[in-house]
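Colleague: Have a look at the structure that comes next, please.
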Amino acid sequence: MNTSKPIALVTGGASGMGLATVERLARDGFSVVMVDRVHDLAAREAQRLQDLGLDVQVRVVDLTDEAAVRSMVQALPPVTALVNNAGVFDERKFLEVTSDDFRRAYEINLIAAATLTQEVARRMPDGGRIVNIASRAYLGARNHPHYVASKAAIVGYTRASAMELAPRGILVNAIAPGLIDTPILRALTPERLGAQLALQPTGQAGRPEDIAQAVSFLVSAQTGFITGQVLFVDGGKSLGGSGA
Ligand SMILES: NC(=O)c1ccc[n+]([C@@H]2O[C@H](COP(=O)([O-])OP(=O)(O)OC[C@H]3O[C@@H](n4cnc5c(N)ncnc54)[C@H](O)[C@@H]3O)[C@@H](O)[C@H]2O)c1
């Protein structure tokens, strides 16, 4: 690992917006650690980026394995930019969702991010940056109450972390993506995807690179006075109203 460069760690980095963020931060000059649980995909994508001359390393870890997460971080140099992006999404009707559905959503979308943040924060240099990928859905959405609640929880955790870490100049913000064209959308039926697109003021989904661009902004040294905020990158969906 190139320790002359600042280290960025991106979870869920093998796919979707995490992968776009890994590439973007490597192009921004970070030495990037891509963390994912899917070994083959992570190895293939990291190799592709390395072949482009980018400084990208892989760590294959299930982020819900707390001991593995803590030892992975302890074996790394101090991390300057942490992006908690890994997440799971599925649909359940309000009257059918189970407590296990809630536990699974919270386990990765909140608790894994909080565990990793705590371990990274121990040695993060002053002035470090943390970005949590929430979702516009935390404002409210139908057919996935467990997901909505877990994303509202990571926004709360973002605000708590921002208060705790501000004395060290470590800034913590969340991004709330709207509909972004990534593999996670396979959890939606074509009908549900069509319904979601119909609600987009822009009429189309965003690209993973739209999120990577926002992460790049929030982790840059120039954004020194923004903390505890939620940046919506959603093509206007959070504006509300029918659009009529
Ligand atoms: N795509 C969207 O429309 C959308 C909208 C709002 C928010 N989000 C959020 O954005 C984030 C990224 O989603 P995406 O759309 O790029 O999805 P994706 O499915 O393409 O990528 C998610 C990645 O996280 C990894 N991951 C999941 N659980 C893990 C675990 N326990 N340990 C290690 N890695 C794990 C997966 O292997 C995968 O590579 C998620 O938090 C998601 O909730 C997505």
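Colleague: Can you tell me which residues in region 164-196 are of a type in the set (A, V, I, L, M) and surrounded by fewer than 14 Cβ atoms within 10 Å (Cβ to Cβ)?
Modeller: Answer for region 164-196, where residues must be of a type in the set (A, V, I, L, M) and surrounded by fewer than 14 Cβ atoms within 10 Å (Cβ to Cβ): Ala166, Ala195.
Colleague: Test of understanding: among Val22, Val10, which residue is under 16 Å from Pro208 (Cβ atoms) and either of a type in the set (Lys, Arg) or not in a helix (DSSP H, G or I) (or both)?
Modeller: One residue alone meets the criteria, Val10.
Colleague: Restricted to region 157-194, and to residues that are small (Gly, Ala, Ser) and near the ligand (Cβ under 10 Å from one of its atoms), which residue is nearest to Asp90 (Cα to Cα)?
Modeller: Ala187
Colleague: So which residues in region 38-48 are under 18 Å from the mean Cα position of the chain (by Cα) and either charged (D, E, K, R) or not in a helix (DSSP H, G or I) (or both)?
Modeller: Residues satisfying the conditions are Val38, Glu45.
Colleague: On to the next question. Looking at this structure, is Asp40 within 9 Å of the ligand (Cβ to nearest atom) and without any contact (Cβ under 8 Å) to a residue 24 or more places away in the chain?
Modeller: no
Colleague: Within region 46-55, is there a residue that is near the ligand (Cβ under 10 Å from one of its atoms) and polar (S, T, N, Q)?
Modeller: No, that holds for no residue.
Colleague: Right, next: The conditions are (1) surrounded by fewer than 21 Cβ atoms within 10 Å (Cβ to Cβ); (2) in contact with an Asp or Glu (Cβ under 7 Å, 6 or more places away or on another chain), and Arg142 fails exactly one of them. Which is it?
Modeller: (2)
Colleague: Going through region 204-226 one residue at a time, which ones are away from the ligand (no atom under 15 Å from the Cβ) and either free of Cβ contacts under 8 Å to residues at least 40 places away in the same chain or surrounded by 17 or more Cβ atoms within 10 Å (Cβ to Cβ) (or both)?
Modeller: Ser216, Phe217, Val219, Gln222, Phe225
Conditions (1) surrounded by fewer than 23 Cβ atoms within 10 Å (Cβ to Cβ); (2) under 25 Å from Leu171 (Cβ atoms); (3) touching a strand residue (DSSP E or B) at 6+ places or on another chain (Cβ under 9 Å), marked per residue:
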site	(1), (2), (3)
Met1	yes, yes, yes
Gly18	no, yes, yes
Gly29	yes, yes, no
Met34	no, yes, yes
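Colleague: Among the residues of region 214-237, which ones are aromatic (Phe, Trp, Tyr) and in a helix (DSSP H, G or I)?
Modeller: Answer for region 214-237, where residues must be aromatic (Phe, Trp, Tyr) and in a helix (DSSP H, G or I): just Phe217.
Colleague: If Arg59 satisfies every condition in (1) among the charged types (D, E, K, R); (2) in contact with a strand residue (DSSP E or B) (Cβ under 7 Å, 6 or more places away or on another chain); (3) in contact (Cβ under 8 Å) with a residue 40 or more places away in the chain but one, which is the exception?
Modeller: With (1) among the charged types (D, E, K, R); (2) in contact with a strand residue (DSSP E or B) (Cβ under 7 Å, 6 or more places away or on another chain); (3) in contact (Cβ under 8 Å) with a residue 40 or more places away in the chain applied to Arg59, the lone miss is (3).
Colleague: Find the residue count for region 49-89, including only residues that are farther than 29 Å from Thr223 by Cβ and part of a helix (DSSP H, G or I).
Modeller: Count: 5.
Residue-by-condition table, conditions (1) more than 26 Å from Gly206 (Cα to Cα); (2) polar (S, T, N, Q); (3) away from the ligand (no atom under 12 Å from the Cβ); (4) surrounded by 21 or more Cβ atoms within 10 Å (Cβ to Cβ):
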position: Phe102; (1), (2), (3), (4): yes, no, yes, no
position: Ala114; (1), (2), (3), (4): yes, no, yes, no
position: Glu119; (1), (2), (3), (4): yes, no, yes, no
position: Ile133; (1), (2), (3), (4): no, no, no, yes
position: Val148; (1), (2), (3), (4): no, no, no, no
position: Lys151; (1), (2), (3), (4): no, no, no, yes
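Colleague: Another question, then. Quick one: which helices (runs of 4 or more DSSP H) lie wholly within region 102-213 and hold at least 1 residues that are modelled with pLDDT under 95?
Modeller: In region 102-213, the matching helices (runs of 4 or more DSSP H) lie at 190-198.
Colleague: Okay, moving on. From the residues in region 57-88 that are within 21 Å of Ile180 (Cβ to Cβ) and away from the ligand (no atom under 12 Å from the Cβ), which one is surrounded by the most Cβ atoms within 10 Å (Cβ to Cβ)?
Modeller: Only one residue tops the list, namely Leu82.
Colleague: Count, please, the residues in region 25-37 that happen to be assigned to a helix (DSSP H, G or I) and within 9 Å of the ligand (Cβ to nearest atom).
Modeller: 0
The values are calculated or read from the model by the stated rules, or taken from the named source; none is laboratory data. Quantities reported herein were computed from a predicted structural model and do not represent experimental measurements. All Cβ positions, even for glycine, are placed from backbone atoms using ideal geometry, and neighbour counts span all protein chains on display.
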